[in-house]
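Data first, discussion second: the structure below is written as structure tokens.
The values are calculated or read from the model by the stated rules, or taken from the named source; none is laboratory data. None of the values given here were measured: they were computed from a predicted structure. Neighbour counts are summed over all protein chains in view; Cβ atoms, including those assigned to glycine, are modelled from backbone coordinates with ideal geometry.
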Amino acid sequence: MRNTCFNWINSALVAGAVFAMATSGAVAAEKATPGITDTEVKIGGICPSTGPIASFVTICAMQDAYFKYINDRDGGVMMGDGKRRKISYVYYDDGYSPPRTVEQARRLVERDQVALVIGPLGSATGLAIRDYLNKRGIPQLSVGSGLSAFSTDMEKYPWTVGWQPSYTTEGSIYAEFVKSKKPNAKVAILYQNDDFGKELLNAFKHAAEGSGITVADAQSYEVTSPTVDSQVSNLAATNADVLLVFAVPKFTAQTLRKVQDTSWRPMVIVTNISASKKTVMEPAGAEASEGVYSVVSLMDPTTSDYAATKDMKAYREIGTKFSSTGLNLDDPMTMYGFGQAQTMVAVLEKTKAPTRAAIMESARHLCGVPVLGVVPGVKVCVDGKTDPFYVESMQVVRYAKGNWEPVGDIITKYEGKTPHQTK
């Protein structure tokens, strides 16, 4: 009887232990971060492959190429917990339409179970999914926009961070450049009627305060508009000394062509995202593009000055070997995807635990990591609230005889001191 009782107690203890272990395993499984296993990390991306800026799909295509390169070369990325994980990357088209961006974000999170989302491309699209991702504690990294709020609103949106220079920095640089070239200039401005265009507009106006610069007229357009011909005609009527084009590539090329059809010959400045030989300058035509100014922080893949650098050689080798639909190695926006992908790998390498929180901590504290393709003198560095912007230095460039040429030195004065958003 004693042995029988003893055996029964032993059996009960073993069963209890097995149940406890099973329960513990179930709880652990529930707490596991979706998209991260011991061998894989899933990343989601959103880029337009249709719509008014369909060419920008090249950003996601280059990210895809770089991640495949890391998987092929190293067998994946060695994360901070000592485990090597292959990067599984999937990206979808949103047509540069915020409602579709929301649909694709839900698809990535709820169906594909990604650990994080890169992007999307665009201010309105990035804002459209910011609440959704932050409420679920899903990192939204390298938003494809210079909207300062993506990096500065970290208390309200701790899971979101941008990558490129802010529009407040870009707009301020344009104001300083105009002051240096035409201190008493009358300025005409075309801007996209959303956060992208408005922040550039307001930053320029704020930085120009107290100078001899005056804004003669500012005309807006909708991204769904077929053309901006009427707006450009209105701006031409001011006969302003300077034309600022705060527009995406399609409308920038239209603007340059329309100005060429008039007798108006202002000094023209276009945004960083439109500083493209292939998608803006060549479509606009040689005469319309000659002498146009912009600012850049990344190497232009069509400029002969960079062709022989190790950066450009790596860029073209990786992009060629792992090419996919929509990848255009001659488009500067492809270099943008190259830089973001390198930064993403560096973030994962420094992530101390296989969790979304650890990924976000790493993403907000990353400095001293070499990134191929940035203009020499520009660095990629972020340090929480102290310095929430990855890239803050830029180079003024001028389009001359089919190439972008540097003008003056790299502007580094905003490094760690990005101007606040102005209303």
> Which residues, counting only those in the stretch 385-415, are more than 30 Å from Met267 (Cα to Cα), free of Cβ contacts under 8 Å to residues at least 40 places away in the same chain and not acidic (Asp, Glu)?
Replying inline: Thr386
>> Criterion first (within 30 Å of Met267 (Cβ to Cβ), in contact with a helix residue (DSSP H, G or I) (Cβ under 7 Å, 6 or more places away or on another chain), of a type outside the set (Lys, Arg) and not assigned by TED's automatic domain parsing to the domain that holds Gly146) does Thr302 satisfy it?
In response: yes
> Within the stretch 204-216, is even one residue touching an Asp or Glu at 6+ places or on another chain (Cβ under 8 Å), among the hydrophobic types (A, V, I, L, M, F, W, C), more than 19 Å from Ile53 (Cβ to Cβ) and crowded, with 21+ Cβ neighbours inside 10 Å?
Replying inline: yes
> Are any of the residues in the stretch 82-90 surrounded by 24 or more Cβ atoms within 10 Å (Cβ to Cβ), touching a helix residue (DSSP H, G or I) at 6+ places or on another chain (Cβ under 7 Å) and assigned by TED's automatic domain parsing to the domain that holds Arg356?
Replying inline: no
>> Conditions first: (1) crowded, with 16+ Cβ neighbours inside 10 Å; (2) touching a residue at least 24 places away in the same chain (Cβ under 8 Å). Met78 passes all but one, so which condition is the exception?
In response: (1)
> Would you say Ala357 is out of contact with any Ser or Thr (no Cβ under 7 Å at 6 or more places or on another chain) and part of a helix (DSSP H, G or I)?
Replying inline: yes
> Got at least one residue in the stretch 144-155 being surrounded by 24 or more Cβ atoms within 10 Å (Cβ to Cβ), assigned by TED's automatic domain parsing to the domain that holds Ser49 and in a strand (DSSP E or B)?
Replying inline: yes
> Applying the selection to the stretch 391-405, what residues are out of contact with any Asp or Glu (no Cβ under 6 Å at 6 or more places or on another chain), modelled with pLDDT under 95 and either surrounded by 15 or more Cβ atoms within 10 Å (Cβ to Cβ) or within 24 Å of Phe150 (Cβ to Cβ) (or both)?
Replying inline: Asn403
